[in-house]
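Undergrad: Submitted below is the structure of interest, expressed as C-alpha cells.
The values are calculated or read from the model by the stated rules, or taken from the named source; none is laboratory data. Keep in mind that this is a model prediction, so the values were computed, not measured. Because the Cβ atoms are built from the backbone with ideal geometry, glycine has one as well, and the counts that use them run over all protein chains shown.
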Amino acid sequence: MELNKAPLFSSPRIVYSNFLHLRDPRETVKKIIDDLLSIPRTISSTLLYDDVGSKLFQQITRLPEYYLSRIESELIREFSQSCKNFLHNLDIIELGSGDCSKISIILDSIDPRNFHSICYLPVDISSQSLKESAEVLVAKYPEIRVHCIAADFLGDFFSLPHKRKRLFCFFGSTIGNFPSMQRVELLRRVSSQMESGDLFLLGVDMVKKVNDLEKAYNDHNNITASFNRNILNVVNSIIGSNFNPLLFEHHAHFNRDLCCIEMYLKAQKAMAISIPCIGSEILIDRLETIRTESSFKFTVDVISEDIKAAGLKIDLHRTDSSNWFSLFQLSKEAS
C-alpha cells in the first residue's frame, strides 16, 4: 500500500499517513481477549506505547539505571561523524521512533545547507509522539521535511518511496521485543524495502550480568512500574474491562533459559474482571501474573544469524568498551 499524504498539524513541511484506522477493531479486541484467556495470561507489548505510555517511556530512557539509551546515543554519534558524506539527498526512516532525541543526533551532524534534501519519516503507533516530534524537528532544523507514518511496523503493510538513497533506523533494541521468527520477519520487511546503497542502523542490547539487566527494568523511581501498569488502562479503553492497575505489582526478571527480560504484572488479590463485550468475567487469582513484555538480549552470533536470515549483511559493528550495547550498520545482501 502506497503512503497517502495529507497536511498535518501547523506546518507545510509536515505530512501524515495513518494506517492505524484501517485495522478492524474487532480483531484487536479478539486478540486482547484471547491473550487474557490464555494460560499464562499475556498482553501484547505494543499496547504499552499509547500516548501516556510513550511519555512514560521517554522518562525511562533518561533514568540513570537505563543504560541502553545513554550508550546507544554515543554509538549513533560515532556513526554520524564517520558518515557525514552519506547524509545528504536522503530519506531517513525510523521504526518505532518515539521522541526525536536519537534521530536528532544524526540531524545535528548534517550540514545546514543540506537540510532541503533531507526527508525524515518516523513510524510509530503513537500519533501524539509523532506530532510532538515533528513540531520539534521542523522548528529546530531549517528546511527539513517530516512525513509522519502512524502504523504498527510489524502488523501494517505499506511501501516507502525509493527514488533516492535511504537510511533505515531501528533503535532502542526494540528488535528484542520479538521472538526469533518475528525478528527475522521484521528484518526481512526492512530488507525488502532496501535498495543497493541504502543503510540500516540496528541498535541491539547485549547479554550482560543479570543484576545490571534487571536494574534497568526496576528503577527506584517506579517509572517503569507506572509504564507497565498503564497497559491495563489501555486494555480497559479498548475492550471495556475494569482492571484496576493499582491492584497489580510490577515485576521484571531475567529468564536465563530464554535469554530475555520478562516484564509482567502480578495480582495482589483475587479478582473478577468484567469483559462486557463477551458478557463474561475473567477470574484472576491472587499472585497470578500477566506477561506484558519479553525483551531478548543478544550475543553477536545470535543477532548475526537473524541478520543473515533476513538477507542483510553487517558492514560495521560498533559497541561500547564493556560490550553492553551494539549498533550494527547493515546493507542489503547482493542477490
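Undergrad: State yes or no: is Ile103 hydrophobic (A, V, I, L, M, F, W, C), at pLDDT 90 or above, part of a helix (DSSP H, G or I) and not assigned by TED's automatic domain parsing to the domain that holds Phe248?
TA: Numbers: hydrophobic (A, V, I, L, M, F, W, C): yes; at pLDDT 90 or above: yes; part of a helix (DSSP H, G or I): yes; not assigned by TED's automatic domain parsing to the domain that holds Phe248: yes.
So Ile103 passes the test.
Undergrad: What's the number of the condition Phe254 fails, among (1) assigned to a loop (DSSP other than H, G, I, E, B); (2) over 18 Å from Ser44 (Cα atoms)?
TA: So the condition that Phe254 fails would be (1).
Undergrad: Here's a follow-up. For Arg41, only one of the following conditions fails: (1) in the same structural domain as Ile273 (by TED's automatic domain parsing); (2) surrounded by fewer than 16 Cβ atoms within 10 Å (Cβ to Cβ); (3) touching a residue at least 12 places away in the same chain (Cβ under 8 Å). What is its number?
TA: (2) is the only condition that Arg41 fails.
Undergrad: Mind counting the residues in the range 162-199 that are closer than 18 Å to Asp124 by Cβ and either outside the structural domain of Ile118 (by TED's automatic domain parsing) or not in a helix (DSSP H, G or I) (or both)?
TA: 9
Undergrad: Ok, one more. Regarding Asp111, is this residue acidic (Asp, Glu) and without any contact (Cβ under 8 Å) to a residue 24 or more places away in the chain? Full working, then the answer.
TA: Values: acidic (Asp, Glu): yes; without any contact (Cβ under 8 Å) to a residue 24 or more places away in the chain: no.
For Asp111, the condition - acidic (Asp, Glu) and without any contact (Cβ under 8 Å) to a residue 24 or more places away in the chain - is not met.
Undergrad: Here's another thing I want to ask about it. Among the residues in the range 155-163, are any out of contact with any helix residue (DSSP H, G or I) (no Cβ under 8 Å at 6 or more places or on another chain) and either buried (at least 22 other Cβ atoms within 10 Å of the Cβ) or at pLDDT 90 or above (or both)?
TA: No, that holds for no residue.
Undergrad: Could you list, ordered by first residue, the pairs with Cβ atoms under 7 Å in which the first is in the range 238-254 and within 14 Å of Thr292 (Cα to Cα) and not assigned by TED's automatic domain parsing to the domain that holds Lys269 and the second is at pLDDT below 95 and of a type in the set (S, T, N, Q), at least 6 apart or interchain?
TA: Matching pairs, first to second residue: none at all.
Undergrad: What's the number of the only condition in (1) surrounded by 17 or more Cβ atoms within 10 Å (Cβ to Cβ); (2) in a loop (DSSP other than H, G, I, E, B); (3) in contact with a Ser or Thr (Cβ under 7 Å, 6 or more places away or on another chain) that His88 fails to meet?
TA: (1)
Undergrad: Within the range 29-74, how many residues turn out to be of a type in the set (Gly, Ala, Ser), in a helix (DSSP H, G or I) and more than 22 Å from Asp212 (Cβ to Cβ)?
TA: Just the residues of the range 29-74 that are of a type in the set (Gly, Ala, Ser), to begin with: 38, 44-45, 53-54, 69, 73.
With the extra rule that they be in a helix (DSSP H, G or I), the set shrinks to 45, 53-54, 69, 73.
Filter once more, keeping what is more than 22 Å from Asp212 (Cβ to Cβ): 53-54.
Qualifying residue count, the range 29-74: 2.
Undergrad: Also: Limited to the range 219-237, what total is found for residues that are touching a residue at least 40 places away in the same chain (Cβ under 8 Å) and part of a loop (DSSP other than H, G, I, E, B)?
TA: Here the count works out to 3.
Undergrad: Just checking, which of Ile106, Ile93 is under 17 Å from the mean Cα position of the chain (by Cα), aliphatic (A, V, I, L, M) and closer than 27 Å to Asp320 by Cβ? Spell out the reasoning first.
TA: Numbers: Ile106 fails: under 17 Å from the mean Cα position of the chain (by Cα).
Result of the check over Ile106, Ile93: Ile93.
Quick grid of which residues meet (1) without any contact (Cβ under 8 Å) to a residue 12 or more places away in the chain; (2) exposed (fewer than 13 other Cβ atoms within 10 Å of the Cβ); (3) over 25 Å from Thr46 (Cβ atoms); (4) touching a Ser or Thr at 6+ places or on another chain (Cβ under 7 Å):
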{"site": "Gly176", "(1), (2), (3), (4)": "no, no, no, yes"}
{"site": "Pro179", "(1), (2), (3), (4)": "no, yes, no, no"}
{"site": "Val204", "(1), (2), (3), (4)": "no, no, no, yes"}
{"site": "Ala216", "(1), (2), (3), (4)": "no, no, no, no"}
